[in-house]
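The values are calculated or read from the model by the stated rules, or taken from the named source; none is laboratory data. On a predicted model such as this, the values are computed, not experimentally measured, just so you know. Glycine also receives a Cβ, built like all others from the backbone with ideal geometry; neighbour counts cover every protein chain displayed.
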Amino acid sequence: MIMHHGDADIGVYGLGTMGSALALNLADHGFKVAVSNKEADWIVPFIDASGPLEARLTGTETLSDFVAAIARPRSILFMIPSGAPMDAMIDAIMPLLDEGDTIIDGGNADFNDTRRRSAAFKGTGRHFVGMGVSGGAEGARHGPSMMVGGTPHSWDQLRPMVQAIAAKFEGDPCVAHLGPDGAGHFVKTVHNGIEYADMQMIAEVYGLLRDTGGQSAPEIGALFEGWQNGPLSSYLIEVSAAALKTVDPETGQPLVDVILDQAGQKGTGRWTLIEALKLGQSASTIEAAVGARGWSSEKGTRVTAEPQLPEMPQQSDFPPPADLEHALLAARILGHAQGFRILAAASADFDWQLDMARISEIWRAGCIIRSALLDDFAAAFRGDAPQGELVLAPAISEMLERSIGALRRVVAAAVLAGVAVPSLSAALAWYDTIRRGRGTANLIQAQRDFFGAHGFERLDAEGPHHGIWNPIQKT
Ligand code: 6PG
């Protein structure tokens with residue numbers, strides 16, 4: 001291990017998949033990187049495997065050697081498990097830091113933790129940054145999308161490095177300082193919420209094609225592949241197409257056909273939902289996706305229920321592939337629109353001044369939800385879309401107008417066939433809610449006033465009112 005004291009541009013602590021990929025990406029772009037890891041025996045093999053990048057990597061075993069190897073003011077990126085390990089790390093490193101140093105949590109952290117930590121750093125002369133990193137291992141190694149929070153001081157320090165390593169969309173680095181304290185981690189959380197909804201919607205279309213269309217995995221994969229040439233073009237469709245066409249070497253079956261239908265989740269989808277509800281926002285497409293993952297894990301319950309809850313699905317015309325493509329497009333727009341509304345609500349609540357256009361721009365490459373649509377969303381927000389009201393931007397509402405009929409037909413066909421499409425249905429129900437000036441909450445208010453004297457407003461008069469309600473008729 002060659003020791004270079006104090007000249008590393010950045011330190012990366014945590015040599016798991018994401019941390020090691022980011023360290024190599026930084027080294028690839030000419031930065032000197034000090035690296036360390038809780039399990040010290042990972043360090044030498046990591047550096048040995050780095051080939052020509054070895055000269056730019058400094059391995060350090062102790063935390064004090066690691067900090068000492070980094071030039072001041074220091075930038076130290078932590079890629080470690082979120083929660084308690086990050087708090088323990090802050091406690092351990094704080095005495096070793098100097099005025100102006102910045103530590104960055106690049107994991108999927110709860111933005112509430114990031115806000116708490118940022119507040120604790122205030123006035124210490126040290127800085128804490130919550131940075132969302134998207135793109136998986138491949139993205140981290142060759143160009144992730146990064147959502148940065150924290151102070152302007154830290155952003156000045158980090159900008160040259162993160163702009164160099166970020167994915168580029170037509171030359172524009174997919175990274176931005178989005179706001180103070182937890183803004184970066186919040187935006188990453190909502191990114192993941194949208195990711196959950198988008199994955200679920202794709203899986204629902206796959207389910208329809210499989211269970212009512214009788215199509216095989218490779219056939220569905222080929223259809224998805226074709227969609228890459230249209231408005232659905234995106235990383236998640238690309239991934240789904242490739243996955244569906246993959247063959248299991250052991251059985252010769254499509255690999256997806258031998259995978260247990262039980263999905264994991266680390267929690268960011270759920271966090272999006274919780275925060276959306278706290279902000280009074282509807283995140284129904286994301287809720288449907290989180291709920292579907294929950295139900296997927298209850299395999300035993302579903303297997304027991306199948307013979308006990310039988311259904312004779314009515315015959316329905318199976319929607320043509322073009323309808324499925326347009327249905328997915330409409331639902332994808334609506335899923336993103338819900339995400340942007342959550343961002344707008346949080347921005348107002350926390351006074352973050354989030355820039356929806358810039359967020360759309362940095363999601364155009366590198367991240368998991370990158371898609372052709374994000375360029376349209378960026379243009380809409382740069383143009384006349386009010387912040388957060390994506391569906392009202394003319395270019396977007398025209399796209400919806402052309403595709404919503406297909407979503408309606410697909411959801412109707414799925415309902416008639418008894419196939420659950422919770423995220424697609426939620427998108428449609430949300431669309432039908434927002435496009436009606438007169439809703440049904442007048443009856444909810446009547447019910448509330450009836451049993452709880454909660455009061456209501458009238459259409460024709462100011463101020464709170466109460467009803468003189470008819471008595472309940474006993475029959
Ligand atoms: C990304 C992803 C990533 C996430 C995984 C798994 O943007 O690169 O969102 O951060 O951890 O996709 O998430 P789940 O285990 O919750 O599905």
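For the stretch 294-318, filtered to residues that are hydrophobic (A, V, I, L, M, F, W, C) and free of Cβ contacts under 8 Å to residues at least 24 places away in the same chain, the residue that is surrounded by the fewest Cβ atoms within 10 Å (Cβ to Cβ) is MET312. For the stretch 184-191, indicate whether the set of residues that are closer than 27 Å to ALA345 by Cα, assigned to a strand (DSSP E or B) and within 16 Å of the ligand (Cβ to nearest atom) is non-empty. No, there is no match, as no residue in the stretch 184-191 is closer than 27 Å to ALA345 by Cα, assigned to a strand (DSSP E or B) and within 16 Å of the ligand (Cβ to nearest atom).
Could you check PRO321 against (1) modelled with pLDDT of 95 or more; (2) surrounded by fewer than 23 Cβ atoms within 10 Å (Cβ to Cβ) and say which number it fails? Among (1) modelled with pLDDT of 95 or more; (2) surrounded by fewer than 23 Cβ atoms within 10 Å (Cβ to Cβ), PRO321 violates only (1).
Of the listed requirements (1) at pLDDT 95 or above; (2) in the same structural domain as ASP351 (by TED's automatic domain parsing), GLY214 misses just one: (1).
One residue stands out among those in the stretch 204-217 that are assigned to a helix (DSSP H, G or I) and free of Cβ contacts under 8 Å to residues at least 60 places away in the same chain: the one that is nearest to GLN338 (Cα to Cα), which is TYR206.
Quick grid of which residues meet (1) in contact with a Phe, Trp or Tyr (Cβ under 7 Å, 6 or more places away or on another chain); (2) touching a residue at least 24 places away in the same chain (Cβ under 8 Å):
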{"site": "ALA243", "(1), (2)": "no, no"}
{"site": "PRO249", "(1), (2)": "no, no"}
{"site": "GLY252", "(1), (2)": "no, no"}
{"site": "GLY269", "(1), (2)": "yes, yes"}
{"site": "THR272", "(1), (2)": "no, yes"}
{"site": "ALA276", "(1), (2)": "no, yes"}
{"site": "ALA289", "(1), (2)": "yes, yes"}
{"site": "ALA292", "(1), (2)": "no, yes"}
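None of LEU390, LEU407 is touching a residue at least 12 places away in the same chain (Cβ under 8 Å), under 21 Å from the mean Cα position of the chain (by Cα) and surrounded by 22 or more Cβ atoms within 10 Å (Cβ to Cβ) except LEU390.
Scanning the stretch 151-181 for residues that are among the aliphatic types (A, V, I, L, M) and out of contact with any strand residue (DSSP E or B) (no Cβ under 7 Å at 6 or more places or on another chain), which turns out surrounded by the most Cβ atoms within 10 Å (Cβ to Cβ)? The selected residue is ILE165. Checking each residue in the stretch 60-110 for being over 23 Å from the mean Cα position of the chain (by Cα) and of a type in the set (Gly, Ala, Ser) picks out SER64, ALA68, ALA69, ALA71, SER75, ALA88, ALA92, GLY100. If the condition is being in a helix (DSSP H, G or I) and free of Cβ contacts under 8 Å to residues at least 40 places away in the same chain, then the stretch 349-363 contributes MET356, ALA357, SER360. Residues that are part of a helix (DSSP H, G or I) and among the hydrophobic types (A, V, I, L, M, F, W, C) do not occur anywhere in the stretch 308-320. State all residues of the stretch 117-142 that are on the phi > 0 side of the Ramachandran plot and either away from the ligand (no atom under 16 Å from the Cβ) or surrounded by 19 or more Cβ atoms within 10 Å (Cβ to Cβ) (or both); if no residue qualifies, say none. Passing the criteria: GLY123, GLY125, GLY135.
Restricted to the stretch 278-287, and to residues there that are touching a residue at least 24 places away in the same chain (Cβ under 8 Å) and away from the ligand (no atom under 16 Å from the Cβ), the residue that is nearest to ALA331 (Cα to Cα) is SER284. One residue alone among GLY366, GLY439 is assigned to a loop (DSSP other than H, G, I, E, B) and either free of Cβ contacts under 8 Å to residues at least 12 places away in the same chain or away from the ligand (no atom under 16 Å from the Cβ) (or both), and that residue is GLY439.
This table checks each residue for (1) out of contact with any helix residue (DSSP H, G or I) (no Cβ under 7 Å at 6 or more places or on another chain); (2) part of a helix (DSSP H, G or I); (3) surrounded by fewer than 19 Cβ atoms within 10 Å (Cβ to Cβ).
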{"position": "TYR196", "(1), (2), (3)": "no, yes, no"}
{"position": "MET199", "(1), (2), (3)": "no, yes, no"}
{"position": "ILE202", "(1), (2), (3)": "no, yes, no"}
{"position": "PHE224", "(1), (2), (3)": "no, yes, no"}
{"position": "PRO231", "(1), (2), (3)": "no, no, no"}
{"position": "LEU236", "(1), (2), (3)": "no, yes, no"}
{"position": "VAL239", "(1), (2), (3)": "yes, yes, yes"}
{"position": "LYS266", "(1), (2), (3)": "yes, no, yes"}
{"position": "ARG270", "(1), (2), (3)": "no, yes, no"}
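Of all the criteria given as (1) outside any loop (DSSP other than H, G, I, E, B); (2) more than 25 Å from GLU138 (Cβ to Cβ); (3) within 16 Å of the ligand (Cβ to nearest atom), the one not satisfied by ASP261 is (1).
The condition (being over 17 Å from ALA197 (Cα atoms), in a helix (DSSP H, G or I) and more than 16 Å from the ligand (Cβ to nearest atom)) is satisfied by just one residue among ARG402, ARG341: ARG402.
Looking at the stretch 103-119, can you tell me whether even one residue there is under 26 Å from ALA69 (Cβ atoms), of a type in the set (A, V, I, L, M, F, W, C) and in a helix (DSSP H, G or I)? For the stretch 103-119, residues under 26 Å from ALA69 (Cβ atoms), of a type in the set (A, V, I, L, M, F, W, C) and in a helix (DSSP H, G or I): absent. Annotation note: Cβ proximity below 9 Å between a residue of the stretch 142-170 that is over 17 Å from SER118 (Cα atoms) and in contact (Cβ under 8 Å) with a residue 24 or more places away in the chain and a residue that is of a type in the set (Lys, Arg) and surrounded by fewer than 23 Cβ atoms within 10 Å (Cβ to Cβ) (sequence gap 6+ or interchain) occurs for GLY143/LYS168.
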